[in-house]
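What follows draws every value from the coordinates through simple rules; no lab data is involved. On a predicted model such as this, the values are computed, not experimentally measured, just so you know. Neighbour counts run over all protein chains shown; Cβ positions are idealised from the backbone, glycine included.
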Amino acid sequence: MLSIKEVSKHFDSLTAIKDVSFRIKKGAIVGLVGPNGAGKSTLLNVVSGVYPPTSGSIIFNGLDITNLSPNKVCKLGIAKTFQLVHSFPELSAFQNVLVGALFGNSEKISMEEAREKAEQNLDSVGYPLDKINYPVKNLNVVELKRVQLARALATDPKLLLLDEVTTGLNPKESKDAIALIQKIRDSGITILMVEHVMRVIMNVSDSIVVLHHGEKIAEGTPAEIAADEKVINSYLGEKAYM
Ligand SMILES: Nc1ncnc2c1ncn2[C@@H]1O[C@H](COP(=O)(O)OP(=O)(O)OP(=O)(O)O)[C@@H](O)[C@H]1O
Ligand SMILES: [Mg+2]
């Protein structure tokens, strides 16, 4: 479904991503991990069109999307949540998701249908419906993450890019989040997710890609990654809570 080919991204003299290639099969959950500053968010931003890559290409369902705008990429079926919550702070939870339903999709949709879709998506991610009209600036982090997820889902993505949606959750909440991610995949959506919590990534991913200083240092099943010396030395070694 997605092929990332020798993608690099420089910010002035800084190389955030260097020659990264991997593929994502339809229906898979792929985990993207690595230390702080490894280039994970940058890679998601390049795939979703937020930044053009400095070099390399991105092919989505046979289509070269390398230099498309985020809006076009979204309409083709790739939605992303942001690591930092980028919602519209004064708008309500409902309105934030409505924006996704109205503008993120390639199909024409009536206001009535969009409203229904926004509410359904908020409900399906476990957002408390009695808070649907709260401005998002008043929400806690768990609620905000749910709004983001609902907004991304309201665009009817084929591929969902998740940037640390379970970070900051307690064990019960992260268990719920794993179940939710699996439910989303079972509904036919392919997932590429960045996550620091290894318990989550190991449980939920079909395969894992490890970045370090912008380069891919390993790719494999969770078991292969957990046993990979390079990964242990550069990343997992510091994860005492694994
Ligand atoms: N817009 C930008 N302008 C300049 N440098 C940037 C920009 N975005 C990211 N970087 C730099 O690129 C490198 C990779 O950052 P990135 O945010 O992709 O890492 P990350 O793996 O997501 O880290 P974290 O786990 O902390 O979220 C870092 O050195 C960062 O400072
Ligand atoms: Mg990041």
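Which one of SER205, SER110, SER174 has the biggest mean-square fluctuation once the chain is modelled by GNM with Cα springs under 10 Å?
Greatest mean-square fluctuation among the candidates belongs to SER110.
Measure out, as a whole number of angstrom, how far apart the alpha-carbon centroids of the range 1-41 and the range 117-159 sit.
Using only Cα atoms, the two centres lie 27 Å from each other.
For a test of the definition: using alpha carbon positions, the gyration tensor, and the 1.5 limit on a/c, classify the range 29-91 as rounded, prolate or oblate.
oblate
How high is the relative contact order of the chain, given as a whole-number percent (alpha carbon pairs under 8 Å, six or more residues apart)?
Contact order relative to length: 25 percent.
In the chain, which helices (entire DSSP H runs) extend 15 Å or more along their own long axis, judged by Cα positions, while averaging at least 0.0 on the Kyte-Doolittle scale?
Within the chain the helices that satisfy the rule are 93-103, 141-153.
Starting from 0.36 nm per residue, how many nanometres of slack lie between ASP206 and LEU14 once their C-alpha separation is accounted for?
This chain segment gains 66.0 nm when fully extended.
Set Lys and Arg Cβ to +1 and Asp and Glu Cβ to -1, take the dipole of the chain about its Cα centre, and tell me which of GLY27, GLY62, HIS212 lies farthest positive.
Positive-most Cα among the choices belongs to GLY62.
Relative contact order, percent, of the range 78-156 when contacts are C-alpha pairs under 8 Å separated by at least 6 residues?
Averaging sequence separation for qualifying contacts and normalising by length gives 49 percent for the range 78-156.
Which one of PHE11, PHE82, PHE103 has the biggest mean-square fluctuation once the chain is modelled by GNM with Cα springs under 10 Å?
Looking only at PHE11, PHE82, PHE103, the biggest GNM fluctuation is shown by PHE11.
What is the range 78-156 by shape, rounded, prolate or oblate, if you read a ≥ b ≥ c off the alpha carbon gyration tensor as root eigenvalues and call it rounded for a/c under 1.5, prolate for a/b larger than b/c, and oblate otherwise?
Prolate is the answer for the range 78-156, as a/c is 1.5 or above and a/b outweighs b/c.
Using mean Cβ contacts within 10 Å as the protection proxy, how do 211-221, 156-166 order, highest first?
The peptides rank, most packed first, as 156-166, 211-221.
Any idea what the dipole of the chain comes to, in debye rounded to 20, about its Cα centre with Lys/Arg Cβ at +1 and Asp/Glu Cβ at -1?
160 debye
Expressed in nm to one decimal, what extension gain is obtained for the pair GLU90 and VAL141 from 0.36 nm per residue of sequence separation less their Cα-Cα distance?
16.8 nm
Would you please put 91-98, 227-234, 121-128 in order of how densely packed they are, using the mean number of other Cβ atoms within 10 angstrom per residue and starting with the highest?
Result, highest mean first: 91-98, 121-128, 227-234.
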